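As C-alpha cells, the structure follows; a few thoughts come after it.
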Amino acid sequence: MTADPTPWSAYLGAYHGQRPGITEAAFERACDPLLGSPHDWLTAALADRPGSVLDVACGNAPLRPRLSGAKTYLGVDLSEAEVRAAQALGRGPVVTGDARALPVSDASVDVVVSAMGLMLVQPLATAIEEVARVLRPNGTAAFLLPARAPLRLTDLRPLALLSLHLRGPGSMPQHVGRRRITALLEQAGLVVTQATTHRFPFHLRTPSDARLAVQSLYTPGRSPEQLMAAEAALAGIAGPGRELPLPLLRVVARKPG
C-alpha cells in the first residue's frame with residue numbers, strides 16, 4: 001500500500017492498518033482454473049530466476065513466496081501494519097517506504113513488481129520515474145492494476161447490487177488504464193512489452209465470501225449501514241457458481257540496455 005497527500009492518505013492508512021493482508025485474502029477467492037490467482041498471473045510474466053526484485057507497495061508481501069527463485073528480494077510498503085504482517089509471515093525483508101522515493105540506489109535491481117498499488121499513488125508519474133531510476137538496463141517492471149473490463153453478462157447483477165448500496169462498486173483515487181500507464185512508462189524511458197486484461201472470478205459461495213468482497217473494496221464515505229446492506233445483498237445471491245468479477249490489467253515493461 002502507498003498513499004497520496006489528499007484525504008485518501010488518511011483513509012488508506014486506516015484501511016490497511018485495520019485490514020493488513022486483505023488483498024491477498026480476496027485474491028485467494030479469485031482463482032482462475034488455468035492461471036491461478038491474480039498474484040500467480042503477475043509473477044508468471046517474470047523469468048523463473050528474476051535476479052534482484054523490488055516489490056513496490058507490497059502489502060503483506062503475497063508475491064514473496066512466488067519469487068523464491070529471485071537472487072534477492074525487498075518489499076516496500078507505506079503501511080506499517082502491512083509490513084508487520086509480512087514480517088510475521090516470514091516474507092521479508094520488507095521495509096516501510098514510499099513508492100515516490102524508493103529506498104534503493106540507481107540501477108540496482110533487475111525486476112520491479114507492484115500488485116494493486118500504483119493506482120493509489122499520486123502523482124503517479126513520480127512513482128514510475130522511481131521505477132525507471134532503480135531498474136538496471138534490460139531490467140523488467142511488471143504491474144497489476146484494476147481494470148474495467150472484460151465482464152460477462154452474468155456480472156451485471158452483483159455489480160448492480162454493489163452500485164445500489166455503495167453508490168458504485170468501490171472507489172479508487174484514480175483510474176490507471178492501459179493508455180495512461182503505457183504513456184507514463186514510455187515518458188520514463190521504459191518500453192511496454194505487454195498490456196493484457198483478464199477477468200478473474202471472485203467466488204461468492206457463502207455469506208462470508210460476500211463479507212470479504214465488500215470489505216476488500218475501498219469505500220470512503222460509505223456508512224456502516226451501507227456496507228452491511230451491500231454484504232447482505234451479495235450474501236443473498238451467494239451459492240455454487242456465483243461470482244463477482246475481478247477484471248485486472250497486467251503490464252510488463254523493459255528498460256532498454
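Quick note: the coordinates plus some simple rules give every number you see, no bench work behind them. Bear in mind the structure is a predicted one, so any value in this text is a computation, not a measurement. No Cβ is skipped: glycine too gets one built from the backbone with ideal geometry, and neighbour counts run over all protein chains shown.
For segment 129-147, the count of residues that are touching a His at 6+ places or on another chain (Cβ under 9 Å) and farther than 22 Å from ARG254 by Cα is zero. Every test in (1) closer than 23 Å to GLN174 by Cβ; (2) under 16 Å from the mean Cα position of the chain (by Cα); (3) surrounded by fewer than 18 Cβ atoms within 10 Å (Cβ to Cβ) is passed by ALA10 save one, and that test is (2). Within segment 108-149, the set of residues being surrounded by fewer than 20 Cβ atoms within 10 Å (Cβ to Cβ), of a type outside the set (A, V, I, L, M) and under 16 Å from VAL176 (Cβ atoms) comprises GLN122, PRO123, THR126, GLU129, PRO146, ARG148. Only a single item in (1) exposed (fewer than 15 other Cβ atoms within 10 Å of the Cβ); (2) within 28 Å of VAL112 (Cβ to Cβ); (3) in contact (Cβ under 8 Å) with a residue 40 or more places away in the chain is not met by ARG179, and it is number (3). Just so you know, in segment 103-143 the residues that are more than 18 Å from the chain's Cα centre (by Cα) and hydrophobic (A, V, I, L, M, F, W, C) include one that is nearest to ALA188 (Cα to Cα), and it is ALA132.
Please enumerate the residues belonging to segment 244-257 that are of a type in the set (D, E, K, R) and surrounded by fewer than 20 Cβ atoms within 10 Å (Cβ to Cβ).
Within segment 244-257, just ARG254 meets the criteria.
Residue pairs whose Cβ atoms lie under 6 Å apart, sitting 6 or more positions apart in sequence or on different chains, and linking a residue in segment 74-92 that is in contact (Cβ under 8 Å) with a residue 60 or more places away in the chain to a partner that is of a type in the set (S, T, N, Q), are LEU78/THR2; GLU80/THR96; GLU82/ASN60; ALA85/ASN60.
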